[in-house]
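Report on the structure given below.
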Amino acid sequence: LFPYTTLFRSDTSGTTDVGNIVTTSSGGGNRGIGRLLAAPYGWSAGEQWTALEKLWTRESGWNNKAENPSSGAYGIPQALPPTKMPFAAQKAGGSSAVAQITWGLAYIRNRYGSPITAWAHETSHGWY
């Protein structure tokens with residue numbers, strides 16, 4: 001999907017090497033990955049980034065292992081069903097934050113056009 005995905009390597013310890021940046025499954029590290037992956041869309045700064053940051057903070061706290069016990073939605077973007085995402089993004093596939101964010105950004109672009117529009121839908125309907 002992105003030419004940058006070859007920069008990312010994951011291992012089973014829960015760390016992801018993003019170029020020279022090593023992150024864990026923490027929300028802060030995942031936000032950094034999100035900002036890098038949002039850049040090709042033009043969403044890594046300003047109002048678009050603010051909307052995306054609010055959206056995924058509300059949905060999952062940027063936790064790539066977040067699971068909604070009621071609906072079964074999973075990961076940073078809270079995909080429902082989680083099998084919409086690539087296997088690497090799913091629980092059984094290792095819960096890759098990179099894979100989840102990559103999928104989530106494409107989902108937002110295809111369904112809403114931008115994080116601002118997705119956030120507006122979230123605030124008016126309680127979901128996106």
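Cβ-Cβ contacts under 7 Å between residues 6 or more apart (or on different chains), taken from a first residue in region 100-119 that is open to solvent by 50 Å² or more (accessible area, probe 1.4 Å) and modelled with pLDDT of 95 or more to a second residue that is in a helix (DSSP H, G or I) and not hydrophobic (A, V, I, L, M, F, W, C), are listed as R109/Y41; I116/E47; I116/Q48; W119/K54.
How about region 88-99: which of its residues are part of a helix (DSSP H, G or I) and either surrounded by fewer than 24 Cβ atoms within 10 Å (Cβ to Cβ) or in contact with an Asp or Glu (Cβ under 7 Å, 6 or more places away or on another chain) (or both)?
Listed by number, the residues that qualify are A88, K91, A92, G93.
Filtering region 60-87 to residues that are without any contact (Cβ under 8 Å) to a residue 40 or more places away in the chain, open to solvent by 50 Å² or more (accessible area, probe 1.4 Å), of a type outside the set (V, I, T) and not in a strand (DSSP E or B) leaves N63, N68, P69, S70, S71, L80, P81, K84, P86, F87.
Here are E122, E47, E53: which of them is surrounded by fewer than 21 Cβ atoms within 10 Å (Cβ to Cβ), under 20 Å from G28 (Cα atoms) and out of contact with any Gly (no Cβ under 9 Å at 6 or more places or on another chain)?
Sole residue among the options that is surrounded by fewer than 21 Cβ atoms within 10 Å (Cβ to Cβ), under 20 Å from G28 (Cα atoms) and out of contact with any Gly (no Cβ under 9 Å at 6 or more places or on another chain): E47.
The values are calculated or read from the model by the stated rules, or taken from the named source; none is laboratory data. All of these numbers come straight from a predicted model, not from anything done at the bench. Reconstructed Cβ throughout: ideal geometry from the backbone, glycine too, with neighbour counts over all protein chains shown. Ligands, DNA and RNA are stripped out before the accessible areas are found, and what is left, the full protein with its side chains, is counted by its heavy atoms. Shrake-Rupley method; radii C 1.70, N 1.55, O 1.52, S 1.80 Å.
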